[in-house]
1. For Ser151, indicate whether it is of a type in the set (S, T, N, Q), more than 22 Å from the chain's Cα centre (by Cα) and farther than 25 Å from Lys219 by Cβ.
2. In segment 366-388, which residues are in a helix (DSSP H, G or I) and surrounded by 16 or more Cβ atoms within 10 Å (Cβ to Cβ)?
3. Could you grab me the full set of residues in segment 185-213 that are in a helix (DSSP H, G or I) and touching a Ser or Thr at 6+ places or on another chain (Cβ under 8 Å)?
4. Could you identify the single residue in Glu43, Glu67 that is charged (D, E, K, R) and more than 18 Å from the chain's Cα centre (by Cα)?
5. What number of residues within segment 149-173 are in contact (Cβ under 8 Å) with a residue 12 or more places away in the chain, of a type in the set (A, V, I, L, M) and either farther than 26 Å from Val54 by Cβ or surrounded by fewer than 15 Cβ atoms within 10 Å (Cβ to Cβ) (or both)?
6. Does Phe346 qualify as being touching a helix residue (DSSP H, G or I) at 6+ places or on another chain (Cβ under 6 Å) and over 22 Å from Met301 (Cα atoms)?
7. Take Ala354 and decide whether it is in contact with a Cys (Cβ under 7 Å, 6 or more places away or on another chain) and either of a type in the set (Asp, Glu) or in contact (Cβ under 8 Å) with a residue 40 or more places away in the chain (or both).
8. Given the structure, is Lys244 charged (D, E, K, R), closer than 30 Å to Thr144 by Cα and assigned to a helix (DSSP H, G or I)?
Amino acid sequence: MVIKKIFRSEFVKNVTTLVTGTAIAHAITLLFSIILVRLYSPEDFGILALFLSVFQIASAFITLKFEHTIILPEQNKDARDIISLILVIASISALIYFILFSLLKGYISDLLNESRLEPWLMVIPFYLFIWSIHQSIFYWFNRTKKYKAISLAIISQSSVGALAKTGLGFVKYMGGLILGTIIGELIATLYLLLKAKEVIRNLSFKTVSLKASFKRYWKLAISLVVSYEIQTVYLQIPVLFFNKYFEASVAGFFFLAQRIVAMPISLISRSVGDVFRQEATDIYHETGRFDKLFLSTFKKMFFISFIPFLLLFIIAPELFSLIFGEEWRIAGDYARILVVGEFVTFVSSPFNKASLIREKKQYIFYWNLSRLFFMLIVSGISILYKLEVTQFLWLFVAVRTSHYIWDFFACYRFSKGK
């Protein structure tokens, strides 16, 4: 009876909808990865990783992170006004980025030690603008519990992107991995726009509404910009470090290892986090706390993840060699190290939404700042003592694991209304 009650709950149904879509998308990604590693070299994957690193670092400013506030207002009209504000901010930001990359593309490519990246830097402003629209509608559908539309968008992005990368690989198009990624994002965004026609028609760009939205949430949004930019730099340090001090192929091996190991987080943990954020927000508005939902969800996450992560830790090198070829075994060695940190991240990351729900701006900032600080120390030690890649990765995992454990206990406290 208890099991039936669990699986009949709206929370589990919503998570299942997102997980199903994400699972299909990841199955497509994994299937095509077997083909892509034979069409592209580790260096090609390294350049894609570098491109995405620059994109991620720039993404914090394209919307000023106002998309994270869409879920917070009690009235849908106020949430739609935030979407209008995001579109205005994104248009201005994309233009600024286009000017900056036009002036600095040569310097940036030299700094990152990769001349092949230079022409693709001019595409990033367009990619950022499309992504900002995608994010806005995603959070609106998250708010209104349109999880089926989100799942189908995830599937369309993965399938179209994979097909584009494969086709471009067969014709030996330089930068096929990057262009295929952008095409997948564009198709998913167009799909979401079609599904959100009613919302788009009701958007208001009146100055009074835009000012009201900005005034209400600008402090939270700006604090998130700083926090997320710090977080993004922290997350991109391995790719930037490997490309600068080793070779693009090392960044490529790391990119594939990270993508495969992080699949469970994207598949389940992120989906749980999206639904948890909406459910916890509703409960918090009604009762002032959501610790029961916090603990019950954590137990489920731990129960379903321990054995799969343990198996992946044991067989990672052999698995990568079998699926992708012997050339990619080293990516499996990296994956074995990363899986330790990914397990802790998987179990705890859905609940970091608690700090956002409680609008704990200072906590979010200091937590991310601490991660960046210790990651810079790790990088400095690695450069000073000329550490090997695996030694750097173990230090990286240690920083990641300790901070997510800290975050878990802090967010549990927030869930109790403290």
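1. On the way: of a type in the set (S, T, N, Q): yes; more than 22 Å from the chain's Cα centre (by Cα): no; farther than 25 Å from Lys219 by Cβ: yes.
Judged against the criteria, Ser151 is not a match.
2. Filtering segment 366-388 down to residues in a helix (DSSP H, G or I) leaves 366-384.
Of everything in segment 366-388, those that are in a helix (DSSP H, G or I) and surrounded by 16 or more Cβ atoms within 10 Å (Cβ to Cβ) turn out to be Trp367, Asn368, Ser370, Arg371, Leu372, Phe374, Met375, Val378, Ser379, Ser382.
3. Going residue by residue through segment 185-213, those that are in a helix (DSSP H, G or I) are 185-195, 197-201, 207-213.
Of everything in segment 185-213, those that are in a helix (DSSP H, G or I) and touching a Ser or Thr at 6+ places or on another chain (Cβ under 8 Å) turn out to be Ile187, Ala188, Tyr191, Ser209, Leu210, Ser213.
4. Details: Glu67 fails: more than 18 Å from the chain's Cα centre (by Cα).
Being charged (D, E, K, R) and more than 18 Å from the chain's Cα centre (by Cα) holds for just one of Glu43, Glu67, which is Glu43.
5. Residues flagged as in contact (Cβ under 8 Å) with a residue 12 or more places away in the chain, of a type in the set (A, V, I, L, M) and either farther than 26 Å from Val54 by Cβ or surrounded by fewer than 15 Cβ atoms within 10 Å (Cβ to Cβ) (or both) within segment 149-173 amount to 4.
6. Details: touching a helix residue (DSSP H, G or I) at 6+ places or on another chain (Cβ under 6 Å): yes; over 22 Å from Met301 (Cα atoms): no.
So Phe346 does not fit the description; no.
7. Values: in contact with a Cys (Cβ under 7 Å, 6 or more places away or on another chain): yes; either of a type in the set (Asp, Glu) or in contact (Cβ under 8 Å) with a residue 40 or more places away in the chain (or both): yes.
When the stated conditions are applied, Ala354 passes them.
8. Details: charged (D, E, K, R): yes; closer than 30 Å to Thr144 by Cα: no; assigned to a helix (DSSP H, G or I): yes.
No; evaluated as a whole, the condition is false for this residue.
The values are calculated or read from the model by the stated rules, or taken from the named source; none is laboratory data. These numbers were taken from a predicted model, which means no experiment stands behind them. Glycine also receives a Cβ, built like all others from the backbone with ideal geometry; neighbour counts cover every protein chain displayed.
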